[in-house]
Amino acid sequence: MTLTDPTYQGNASGPFRIPAAPAAIDAEVWPGVARPPAGAKAALAGKAAGALFRGAARRLPLRIEYPDGSVLGTGDAGSPVMTMVRPEDFDARIGDNGLIGLGESFMAGDWEASDLAGVLEVFASSLDTLIPVPLQKLRSLYLPRAPRQERNTEQNTRGNISRHYDLSNELFSNFLDTTMSYSSGLFAAGAGPLPEVGWDALASAQQAKIDRLLDKAGVGQGTRLLEIGTGWGELALRAAARGATVYTVTLSSEQQALAQQRIEEAGYSGRVTVALQDYRAVEGEYDAVVSVEMIEAVGYEYWPVYFQTIDRVLAPGGKVAIQAITMPHGRMLATRNAYTWVHKYIFPGGFLPSVRAIESVTEQHTTLRVRERRGMGDHYAATLRLWEERFLVRSREVRELGFDEVFQRMWLFYLCYSRAGFQSGYLDVQQIVLDRREAQL
């Protein structure tokens, strides 16, 4: 199915049909969503949070419409609209769990938005002013902390990865392109304006992203390549086609199985080894190391180990090329101990670095140095828009796989939440090249 199929609902510039709010929610499957917090403490926190939210909303360039007909925000007729369905439940959830409650309330159907990414982009652009500064300084006292079992130790990491990547290969195939690439593409100039680029350009954009990383790492005939984070095998396939010998590691059994299948079908089994292995356990020597959007799953406290591992296995004269989602350094420091909606529902144990953090960690703990980088956050916004559109088009197929309406609203929130981050400039994605060359005097 493509975006020109008769079943396609909407277009790149118009609304899509968001999965309807569930009539009933299974409390065993969705304990944080089935019912809003209750009791005197929750009611008090909800009133306070609701007052703070409405105070901030009055200054935001959107429209927030309440059941009683009142409207908050400075938006006009063309601005994103957030429609409150159960405002008291919304207040209770954000009072109990902050931004986790914002996502859970959407999953439950407490609020709606035809342009969900647009609404979330307004929030992302105003993140530093939504909560008064004095309360921001107290965030560690009233917001939840990450469970210890989600720390990315060698014992825990497999479980963290499995909770996301082992959901189902079929789920991911419903919204990814034929390359099965789950990271930002790099669109050619001829593909058109990024906010309007179409589905048919995505596969070539993914291959262009991979080829640029392989070029920067010097991967060619005879290269011994280590890939940290296999995905579903597209990078390993393209490296093997260049004549490289590839050792690629993943902690997802689902990814390993499909990657091996694709590699066998392409005739590269003799060139590529797909190992179910933690990156920390890799041995040997490699002429190049490539890793695409895997550092985000490493965890703040393990970044030195990640880069030390790369440093340890990199042959003299070797090069490293990574693709990393990044955030501003100050925001990274302020949120490094936070437990967010994304941690709870999407990526347990994950955390985004800043460019400054990558440079600092490599300088302090390795012989590697950042030599080149390219930001392409606008390309990720376009990639996510296409995934979002495709996911909505395939909602029936996703439901037939056993993923209910709450899951579908959760996944849509995740895709739109991510796109909003890149569209607002709060997030970026970088291709970063490292090597051991001596600094030039």
Notebook entry, point to check: Within the set of pairs 6 or more residues apart or between chains, which connect a residue that is within 14 Å of Leu167 (Cβ to Cβ) inside the stretch 393-404 to a residue that is open to solvent by 60 Å² or more (accessible area, probe 1.4 Å) with Cβ atoms less than 6 Å apart?
Noted result: Leu401/Glu170
Check: How many residues are free of Cβ contacts under 8 Å to residues at least 60 places away in the same chain, over 24 Å from the mean Cα position of the chain (by Cα) and surrounded by 19 or more Cβ atoms within 10 Å (Cβ to Cβ) if we restrict to the stretch 188-244?
Finding: 3
Item checked: Boolean, Arg356 is charged (D, E, K, R), at negative phi, in a strand (DSSP E or B) and at pLDDT 95 or above -> no
Next item on the list: Tell me which residues, restricted to the stretch 182-217, are in a loop (DSSP other than H, G, I, E, B) and farther than 17 Å from Glu293 by Cα.
Entry: Phe187, Ala188, Gly192, Pro193, Val197, Gly198
Note to self: Name the residue that is nearest to Ala266 (Cα to Cα), counting only residues in the stretch 170-179 that are in contact with a helix residue (DSSP H, G or I) (Cβ under 6 Å, 6 or more places away or on another chain) and open to solvent by less than 20 Å² (accessible area, probe 1.4 Å).
What the structure shows: Thr179
Notebook entry, point to check: Given Glu254, Glu296, Glu234, which one is within 30 Å of Ala382 (Cα to Cα) and either in contact with a Leu (Cβ under 7 Å, 6 or more places away or on another chain) or hydroxyl-bearing (Ser, Thr, Tyr) (or both)?
Noted result: Glu296
Check: Out of all the residues in the stretch 398-441, which are closer than 30 Å to Ser125 by Cα, open to solvent by less than 70 Å² (accessible area, probe 1.4 Å), touching a Leu at 6+ places or on another chain (Cβ under 8 Å) and at pLDDT 95 or above?
Finding: Leu412, Phe413, Leu415, Cys416, Ser418, Arg419, Ala420, Gly421, Phe422, Leu427, Gln431
Note to self: Go through the stretch 77-96 and report how many residues are part of a loop (DSSP other than H, G, I, E, B), touching a residue at least 12 places away in the same chain (Cβ under 8 Å) and either open to solvent by 70 Å² or more (accessible area, probe 1.4 Å) or of a type in the set (S, T, N, Q) (or both).
What the structure shows: 2
Notebook entry, point to check: Which one is modelled with the highest pLDDT among residues in the stretch 303-350 that are open to solvent by 20 Å² or more (accessible area, probe 1.4 Å) and polar (S, T, N, Q)?
Noted result: Gln308
Check: Hey, does the stretch 109-122 have a residue that's touching a residue at least 12 places away in the same chain (Cβ under 8 Å), open to solvent by 30 Å² or more (accessible area, probe 1.4 Å), in contact with a helix residue (DSSP H, G or I) (Cβ under 7 Å, 6 or more places away or on another chain) and charged (D, E, K, R)?
Finding: yes
Next item on the list: Test each condition in (1) assigned to a helix (DSSP H, G or I); (2) within 22 Å of the chain's Cα centre (by Cα) for Ile325 and report the one that comes out false.
Entry: (1)
Check: What is the residue count in the stretch 218-262 for residues that are under 15 Å from Met180 (Cα atoms) and part of a loop (DSSP other than H, G, I, E, B)?
Finding: 6
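The values are calculated or read from the model by the stated rules, or taken from the named source; none is laboratory data. Remember, predicted model here, so these are calculated numbers, not experimental data. Using ideal geometry, Cβ is built from the backbone for each residue, glycine included, and neighbour counts are taken over all protein chains shown. Areas reflect the complete protein model, heavy atoms only, side chains present, ligands, DNA and RNA absent. Shrake-Rupley method; radii C 1.70, N 1.55, O 1.52, S 1.80 Å.
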